[in-house]
1. List the distances, in nm to one decimal, from the label point of residue B:112 to the label points of the same position in every other copy, shortest first, placing each label point 7 Å from Cα along the Cα-to-Cβ direction.
2. Enumerate the whole-percent occupancy of each 10 Å bin, from 0 to the last occupied one, for all C-alpha pair distances of the range A:201-356.
3. What is the packing order of peptides B:451-461, A:44-54, A:704-714, A:314-324, taking the mean over residues of other C-beta atoms within 10 Å and listing the highest first?
4. When the helices in chain A are scored as -39500 (n - 2.57) per DSSP H run of 4 or longer and the sum is shared across all residues, what 222 nm value do you end up with, to the nearest 500 deg cm²/dmol?
5. Enumerate the lysines that residue B:713 could reach by cross-link, defined here as Cα to Cα under 27 Å, with residues fewer than 8 away along the same chain left out.
6. What is the average number of partner chain Cβ atoms found within 10 Å of a Cβ in A:692-703?
7. Return the average number of partner chain Cβ atoms within 10 angstrom of each residue Cβ along peptide A:227-237.
8. Once whole DSSP H runs in chain A are found, which of them have Cα atoms spread over 30 Å or more along the helix axis and a mean Kyte-Doolittle score of at least -1.0?
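Every number here is computed from the coordinates shown, using simple stated rules; none is lab data. Not measured: the values here are computed from a predicted model. Quick reminder, even Gly has a Cβ in these numbers, built from the backbone with ideal geometry, and neighbours come from all protein chains shown.
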Number of protein chains: 2
Amino acid sequence: MKNRFLLACIATLGVSLSAAAEDGYDLWLRYPLVDSATYGELETHARELVAPGTTPTLEVARAELLRGLSGLTGKPVARVDAASGAGALYLGTPKESPAIASLGLSLQRAGEEGYLIRSVRVAGQPATVIAANTDAGVLYGVFHFLRLAQTRQPLAALDILSAPRTRIRVLDHWDNLDRHVERGYAGESIWDWHKLPDWLDPRYIDYARAMASIGLNGTVLTNVNANATSLTPAYLDKAAALAGVFRPYGVRVYLTARFSAPIELGGLKTADPLDPGVRAWWKAKVDEVYRHIPDFGGFLVKANSEGQPGPQDYHRTHADGANMLAEALAPHGGIVMWRAFVYASSATEDRAKQAYAEFAPLDGKFADNVLVQVKNGPIDFQPREPFSPLFGAMPKTPLMMEFQVTKEYLGFSTHLVYLGALYEEVLRADTFVKGKGSTVARVIDGELHGYKLTGMAGVANIGSDRNWSGSHFDQANWYAFGRLAWDPFASSQAIAEDWVRMTFSNDPRFVKPVVSMMLDSREAVVDYMTPLGLAHLMGTGHHYGPAPWVSDLARPEWNPAYYHRADADGIGFERGPPGDGKGGSNAVAQYAPKVAAQFADPKKTPENLLLWFHHLSWGHKMASGRTLWDELVLRYARGAAEVGEMRRTWEAQRGRVDAERFAQVAAYLAIQEKEAQWWRDACIAYFQSLSKRPLPAGVPPPAHPLEYYQSQKFPYAPGRG
Amino acid sequence: MKNRFLLACIATLGVSLSAAAEDGYDLWLRYPLVDSATYGELETHARELVAPGTTPTLEVARAELLRGLSGLTGKPVARVDAASGAGALYLGTPKESPAIASLGLSLQRAGEEGYLIRSVRVAGQPATVIAANTDAGVLYGVFHFLRLAQTRQPLAALDILSAPRTRIRVLDHWDNLDRHVERGYAGESIWDWHKLPDWLDPRYIDYARAMASIGLNGTVLTNVNANATSLTPAYLDKAAALAGVFRPYGVRVYLTARFSAPIELGGLKTADPLDPGVRAWWKAKVDEVYRHIPDFGGFLVKANSEGQPGPQDYHRTHADGANMLAEALAPHGGIVMWRAFVYASSATEDRAKQAYAEFAPLDGKFADNVLVQVKNGPIDFQPREPFSPLFGAMPKTPLMMEFQVTKEYLGFSTHLVYLGALYEEVLRADTFVKGKGSTVARVIDGELHGYKLTGMAGVANIGSDRNWSGSHFDQANWYAFGRLAWDPFASSQAIAEDWVRMTFSNDPRFVKPVVSMMLDSREAVVDYMTPLGLAHLMGTGHHYGPAPWVSDLARPEWNPAYYHRADADGIGFERGPPGDGKGGSNAVAQYAPKVAAQFADPKKTPENLLLWFHHLSWGHKMASGRTLWDELVLRYARGAAEVGEMRRTWEAQRGRVDAERFAQVAAYLAIQEKEAQWWRDACIAYFQSLSKRPLPAGVPPPAHPLEYYQSQKFPYAPGRG
């Protein structure tokens, strides 16, 4: 295999090794020449461009459009002051564009960031407009229009109105000032702090283009495990330089605030949020931040979680802490994103209950410019979790979603897992807090509870790797996150299809199987890592590979054994009501009664969450008629087999994509298959050591004895915290 | 400035932001179309290619040649079995190529790796041959031939015989298994250990091409501050995968050996090199390494230096340690490169004397397959040092040169400093050990002492940054190192000119001033950092920026104050003979008598090394007639001013190179100028606080008081150890 790869590389030296080789840098922002015989829409509907206006955002919108149109059509598209005939494309706001103003379009529903793309007549000539109330809306409209062409959609009779359903749409970069990215699997941070503010890597511009193209409007530059140094003048200068690059693209800069910064930077004796000196320090610090970055977005804060300082150090609440920062930010229009990912430093309580336990009682106690940022599940970005019970439980407090785009628990960058499927599952989950249809998406978009602030955050998977995300297919997760932040009701399948078409090919022989493979990939990883509602079986610290046997770490909830609770009799974490006599943690009670009742009953609990909520005997009968043991083993086997299917699907695409990306995806799928088998074998070996049951027919025994898997060590696995 | 840059980027969006933008990835391996009216040599002399042979090395040689010829001429160049007329290019060894064999060329002087490029007649037709005794020689010849074309040399009447003057020509990568590069300023390690051996980044091939193109034949993959894990089976698999990629390019893989590995990996109680169990462990380990990598090159070892374990832990000598490893490697043809960079953990002796003191007495005690690797100067890769007194002092022990290509003490990647000038200065230095003309180059190439093994090592400046070296001009240092390793007598100016022509442009309006700027750049950095023989004034730990005031570190020789010894009366480190009554360390006595006499006398010591060897009063009269104080200040001022000149030189090149590289170089030069002024001001402020003397006329006072410079902290400066 390796020799074959090498020879293939050598044979294609002329192409594959030049700087122009296809390396994925272009993401989904590709405008290669289209055969106009196949797709002539642009020649008809975007013959020339009428786009007045000179703001930086209009400049970049126009530049992107011209770049896209000229790339796709293979000829320069003229920018004109007035259309010369049919087929002009009008771009702008009514304020900047007299032609658009003359159409009297109703742009109210477009709001601050939305846009209208419509086929119209201007001065009697058929034309297309991309119109918005703001320059940012125009930019988003441009990317939508280009997407239509990139995915070969008809451009006649367009009438698209699109506006984001959430207001704060941010990537959270867990990037340290030394460029190490916590849970990063794509190289080091793209922020070259040492050379900032003097050297502005052109990559920053491409980052901003990518962000704007999927509707993201903010970036948190620094790790939630925050470093007060990022708030010193030298680093504010650096952040300001990035903000200057991003500004034309509508992307605002946010920073993480280390709660103890008043002590570390200010020399104060306390960081008590009710201390007047502390409040004054933050106020002055925030004023200073805004002197550097006039449109600074605000702070993201991780407090009293995993050792981070916070208000509880002073016997204050999360609300006290958040509100202190909010007060300092409010005069400038800034916000606080306060994370609900907390677990006590000496917990006896079920970890899955802690975020709810700490935050639900604080509902209504947060200032108006605070969002509480809630991870999608109650624990921590597992391949599958039920939705967090906080969604629906804080009607008076804007909750924003925190998804993880980087694949901390999902095989890092070498496993192909399309997270759009995971995001959609969470967003469509029904909290039932206001009856059927009270989906998480309706919580997040503010509609269910009338939130004034709304938002969605994704923990970035971006690094210095040439292809941004470490793997070509991980670009799809960045893409899907952005699209779902804009519209939490969007279909992950439709998004995958757009992404495949824009990123790889419009060839239907390619699109269909590849989209299908992406959609199946999430279930595959659940199966080969944590089927049937299992969770947190990954290796200690780095979360690479299986380690279900680990049970000797200092804190109980650091141990995989804490989560699966397998023994000779059975497996699973009982979270049913204590009245059941099974010692349940009653985590189910944190959900609305209808959901709670479902999760409380093993017979009603969806099988894919069964062991999350219930400890059951190995002999427990499953819907299939098989025992739980057999079912568990078969799921592991199915997951590993599915990756084999994915490899074959990809192999069939040889020649339909460039050789470079084909080769990397193929190599990564080979790694994924090897590691899926490793997961399968290690977990089966371990659980069998407890269940003492035979493997169901047709499942091969693990390749090695359990001790082999237990002896594997990965001290240099990437992305460590 | 920043806005202008941003607008320029936006204005050129179409070009500058595409994946095909000029980002420096191609290094000097560029074959852009040449106007045949200007340079028609290839059409005449490389019309078609006769190149039989199917070995992997011949395959890559042929592929590179075809890629180069077709790029430069803009048309595919045919590979034929027999020439169709005049102007064929013959490639190969006499063994593989009957046509070359038929010429009866004398290839004896080409040796194992050299080549002959000659204009000949084959079957009556004018032709050119690239002939060698080995495939590797053919590959090197191909790169030479391409260089002739890239630099627009005539291709008629060629008669070039070139063979390397050193045998081991390696890059030392100080790369850790977590991808952090110690003293790396170009991103993280290009070795993606986590994904190896399964994923072979195509970049590995381009690395090997670049190495071969400048004649380098080895790479030490791992940091000299070694990690025993790199010798475990999993990591040997990974190293073997890299070796497989590099093999066709003649690049061998070496590893660093942690001396305590028998304890850490083998569970032994000792790593005593005379212990039979330890010797057996290393023998078995080396056998295992060769099972993974049949052509493994050998070990590089840093022992008993800066806290690393070594034979002295067991009261054995460096020779004992090296010979133990050498014994294990010898049956496989492997070598040991044993570093002479040592300084005792509790030194009272002048640090500059320690390497000599420890190693010179061991001359003749090392096994035949050991090279002692000596840094160019007695201390540590300073902007200027005298040559190490070990050169010439170990006639019975092969000494190899260790240069630093990465700019640990020379402003990191943002300072333009052409190190070819530094290397050449060292190589041309005369040790006088066998009379006049006993240059360091003649030590290194083995000629002076009849060494059987010879070598040169460069500490790599390569990382994951797209342009490899962190800056475009730092590529020149990699290039120059390779060329000088091949031929230590080569001219750094000629090398710079080749590099400029290959990397940027053959336009004489560009070549001349840019080469001149490169040659001047080294003296500039000496002047603005450490003029007149000063050394080691850099910031603690990271070596970023000036910190001459530091004097409170635990070990005396960690402190800048240890090196400059400035006080109210004067400055400099007295290394003259103790008989002078000046408390000299007598380091001069480590040199041959003639050199020692020169360095012992301040009046004969070159001014550029004056304060290295002598402590002199501030009022000491210099050759210029000025006082030492005035001269020192003026050197600082001159260095900073020179960077201003460099900026202007570069600015005048606008339009003669692509916009992307132009912009980055310009931005970096702006950083360099700012930092050169910082160096000037901080050092002047500090030394003036001691000398209490007024600044010479025309030199502006420092921009800030001394306390300002002393308060600067850079906790996240890159490349830390």
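1. So the distances to the same position in the other copies read 7.0 nm.
2. Pairs per bin, as whole percents: 11, 39, 31, 16, 3.
3. Values: B:451-461: 23.6, A:44-54: 18.9, A:704-714: 14.3, A:314-324: 21.6.
Final packing ranking: B:451-461, A:314-324, A:44-54, A:704-714.
4. Working: 23 runs with 266 residues, N = 721.
Per the formula, -11500 deg cm²/dmol.
5. Correct list for residue B:713: A:195, A:238, A:269, A:283, A:285, A:302, B:2, B:407, B:674, B:692.
6. Details: counts 0, 0, 0, 0, 0, 0, 0, 0, 0, 0, 0, 0.
Mean partner shielding for this stretch: 0.
7. On the way: counts 2, 0, 3, 0, 0, 1, 0, 3, 1, 0, 0.
The per-residue average across the peptide is 1.
8. Numbers: long enough: A:508-529 (32 Å, 0.25); A:628-651 (34 Å, -0.54); A:659-691 (47 Å, -0.11).
Correct list, ordered by number: A:508-529, A:628-651, A:659-691.
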